[in-house]
Structures are given as structure tokens and as C-alpha cells.
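The values are calculated or read from the model by the stated rules, or taken from the named source; none is laboratory data. This one's a predicted model, so the numbers in the text were calculated from it and none came from an experiment. For neighbour counting, all protein chains shown are included, and Cβ atoms are generated from backbone atoms with ideal geometry for every residue, glycine included. In case anyone asks, the SASA skips ligands and DNA or RNA and just uses the protein heavy atoms, side chains included. Shrake-Rupley method; radii C 1.70, N 1.55, O 1.52, S 1.80 Å.
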Amino acid sequence: MRSSSCTFSSAMRARVFPLLASFVLLACGQGRNPSHATTVRGSEVVLSAERDAGAPDTSTSETSPVAEENPPEPRGSRECPAAAAAPEPSWKSIRFELVPRQPEDDDTSPVPWEVQVAGGDEEVFPAVNHEGTILVERFSDMESFREAVHDSVGFFSVVTGKLIGLYMLSSDLGESSPSPAAITKERKRLKRDLAAAHHLLDKSTWKRVSSGRKPDGPCPGTPFTKLDRERDERDGFRWPRVTRFDREGLDFEYQPFQEEEGVKVEEKIIVRALQADGTIHTVALPHNLVPPGKTTWMADTSGTCGWSEGFYGFGSRELGVFFVYGDENFGGDSCGAELAGKRMSVIRLPPALRTSR
């Protein structure tokens with residue numbers, strides 16, 4: 001299935017990371033594009049790895065000042081809208097409910113009901129439980145070659161980095177006029193998945209965590225403006241490689257595997273973290289994204305397929321954990337998209353880049 005997954009962003013507690021609360025950041029180029037659980041391999045590689053990957057040379061220090069020289073002219077207001085201060089997230093219970101599908105809903109499903117978050121508050125995902133052991137996210141995936149949307153909720157272990165459970169919240173019976181027996185069977189299936197999700201949700205209260213956005217160019221007045229200007233001038237650079245967590249003060253730049261003139265550069269993620277003193281600490285973490293697809297019946301062999309230019313994800317700098325999944329490039333009909341929640345990998349920040357909990 002060819003997917004388009006949705007995530008959401010949130011603020012960290014101001015008392016944990018007071019510097020970030022003082023920034024009125026400008027967001028530019030919002031974008032949204034899902035268990036093989038792959039953990040980070042080995043220890044972090046520091047700045048020298050950036051030069052090999054074509055990133056800017058900052059080897060003189062592990063930190064770089066935020067201040068700019070000769071700041072550029074501001075982009076248009078439509079390209080760089082001011083980010084409103086997000087409200088402080090609070091601990092709350094999360095419940096789903098099965099409600100009648102409204103006639104005005106733009107949905108061709110023959111199933112007469114749908115799943116919503118109880119209370120109508122959809123802005124609860126992604127979230128972490130009060131114990132800091134589980135992250136939960138809701139996904140929406142578009143099936144390959146069809147317009148059917150697959151809605152799901154996934155639970156992930158902070159400790160192991162593995163998928164705990166993935167439960168389908170939408171119904172697709174594959175026919176426009178299913179029989180009453182088929183609808184009854186699907187309703188029972190959906191209730192089982194809701195019960196399994198509630199078994200995990202009811203054990204704790206939950207608070208929203210950050211999800212990444214995809215900038216598409218420099219915007220003035222942010223901690224990463226100077227870096228973004230350099231990126232715009234770099235040969236061969238593509239903005240889909242960047243995922244930013246503004247209120248976490250984190251910038252991730254994906255570097256795919258490269259081989260030029262016999263020199264191999266391994267796949268990695270350049271992490272740039274805003275520190276309390278206003279500097280940016282940079283490390284490179286070896287990391288392999290899970291391929292975004294699985295082969296279809298048209299392929300000669302079965303297995304994973306496709307490639308990613310960058311990734312989407314969610315997580316917490318307090319916990320030092322981010323779950324990510326690559327964007328989707330398939331190269332033909334012999335490769336179809338896998339569900340977002342089934343292809344997560346984990347980025348674990350080194351202790352120096354985390355904040356206290």
C-alpha cells in the first residue's frame with residue numbers, strides 16, 4: 001500500500017528546557033508524508049563524519065554559534081508563518097469511540113460507523129505515557145493503486161524500541177456493497193482492535209510529544225537559519241533530507257549511503273541540538289532506515305523494496321528517543337507501500353543531547 005502518514009507537533013515543558021520557551025520560532029514549509037524495529041548501530045560519530053557526508057565543516061568545535069552575519073531578507077509571510085506558542089501539554093486519559101458515520105463525510109466506505117477520539121479532541125497524538133515507557137501514535141496510510149485509507153494506532157516501547165501493538169481503526173471490506181454478514185464480522189473485528197488499544201491506553205495517562213516537520217528553505221530568526229542558508233547553497237542538497245523538531249531544539253539531516261569514485265559513505269543521521277547556552281551541538285549517528293515498501297505480485301522476488309530521501313517521526317528529547325519512518329520512493333508497480341507503523345526505526349540521542357526529565 002502506498003501510504004501518506006500524519007503526525008503532529010507539541011511543546012516540551014518550559015521548565016525542562018527554558019531556552020526554547022523564549023524563542024518565537026518561525027515555521028517554514030510544513031509537510032507530512034510508517035515492526036521492523038531497527039536500533040542505532042554503534043556509538044555516535046562526531047563532526048569529522050559530516051565532512052565525509054558533504055555537510056558543512058564544523059570540525060573546529062563540537063558547538064557552533066547561532067548568531068548570523070548579514071541575515072537574509074525575510075521570505076514571504078506565506079512561506080515563513082510565525083509559529084504560535086503551543087499550550088502546555090497535560091496528562092490526560094485517551095479513549096476511542098465508535099460513532100455513526102455522518103452523511104456529509106467525504107468517505108465512500110460502506111461501513112456505517114467510524115472511530116474517533118472520545119471528546120472530539122484529535123490533537124492527542126503522538127503521546128507518551130506517564131511512566132515514560134510507551135509512545136503511541138495514530139497513522140493514516142493510503143493503499144497502493146487504490147484510494148482506500150487505512151487508519152491505525154501503534155504502541156512502541158521506549159526501552160526496547162520495538163512495536164508493542166498495531167491496531168486497525170478503519171474498515172476496508174474491498175467492495176462497495178458488502179453483505180450484512182460481512183459488515184457484522186467487520187464490526188466485531190474493529191471492536192477487538194479497540195479493546196486491545198484500550199487495554200494499553202487505560203493503564204496510564206498520556207501527554208503529547210513532538211512530531212517532526214519538513215522545512216523547505218531558510219527562514220529568518222530561527223536557531224537554524226544560518227545552517228539552512230548554507231544548505232540552500234550546497235551542491236546536491238535536497239530539503240526532504242531534513243526533519244526538524246522546533247520546540248525540542250533538534251534538527252535531523254538524513255545522509256543516505258553514497259559511493260563516489262570508490263569512496264563509500266555509510267548511511268547516517270546528522271543531529272544538531274540547540275543547547276542552553278545558545279550553541280548547537282552536532283553529532284552523526286549511524287542509522288539504517290527501514291525500506292518503505294514490500295514487493296507486489298508483479299515482482300520476481302518477495303521482500304522489502306523502495307528507498308527514502310528522508311524521514312518523518314515523533315519522540316522526546318527528555319527521553320532521548322525518536323521513532324522514525326522513511327518517506328516513500330518505489331520505482332514502479334512491483335513495489336507497494338508498507339504500513340507506517342510496521343516500519344519504524346529508532347534514533348537514540350547520546351546523553352549529552354538529552355534534557356532532564
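Tell me, what is the per residue accessible area of the stretch 95-236 in Å², probe radius 1.4 Å?
Working: 6740 Å² over 142 residues.
That works out to 47 Å² for each residue.
From the cross-link list 162/188; 92/203; 294/342, which pairs have alpha carbons spaced over 22 Å apart?
Result: 162/188 exceed 22 Å.
Which percent of the accessible area of the stretch 127-205 is formed by carbon and sulfur heavy atoms (probe 1.4 angstrom)?
56
Search the structure for amide H atoms under 5 Å from the amide H of residue 329, placed 1.01 Å from N in the peptide plane, and list their residues when 5 or more places away or on another chain.
Long-range HN contacts for residue 329: 307.
Once you keep just the Cα pairs under 8 angstrom separated by 6 or more residues, what percentage relative contact order results for the stretch 96-239? If you can, show how the numbers build up before the last one.
Values: 182 pairs, mean separation 28.2, N = 144.
The value is 20 percent.
Are there any chymotrypsin sites (Phe, Trp or Tyr not before Pro) in the stretch 282-357 that are in a DSSP loop and have at most 10 other Cβ atoms within 10 Å? List them by number.
297
Using a probe radius of 1.4 Å on heavy atoms only, what accessible surface per residue do you get for the stretch 307-357? Whole Å² is fine.
It amounts to 27 Å² per residue over the stretch 307-357.
Is the shape of the stretch 111-162 rounded, prolate or oblate, going by the alpha carbon gyration tensor and its root eigenvalues a ≥ b ≥ c, with a/c under 1.5 for rounded and a/b larger than b/c for prolate?
It comes out oblate by the Cα gyration axes.
Does the stretch 201-357 come out rounded, prolate or oblate by the C-alpha gyration tensor, with a ≥ b ≥ c the root eigenvalues, rounded set by a/c under 1.5 and, if not, prolate when a/b is larger than b/c and oblate if not? Write out the running numbers ahead of the final one.
Values: a/c = 2.05, a/b = 1.28, b/c = 1.60.
Verdict is oblate for the stretch 201-357.
At 37 °C and a viscosity of 0.692 mPa s, what translational diffusion coefficient does Stokes-Einstein give for the stretch 165-236, taking Rh as the Kirkwood radius over Cα pairs? Give it in µm²/s as a whole number.
Estimated diffusion coefficient is 190 µm²/s.
For the stretch 312-357, give the percent of accessible area contributed by carbon and sulfur heavy atoms, probe 1.4 Å, rounded to a whole number.
42
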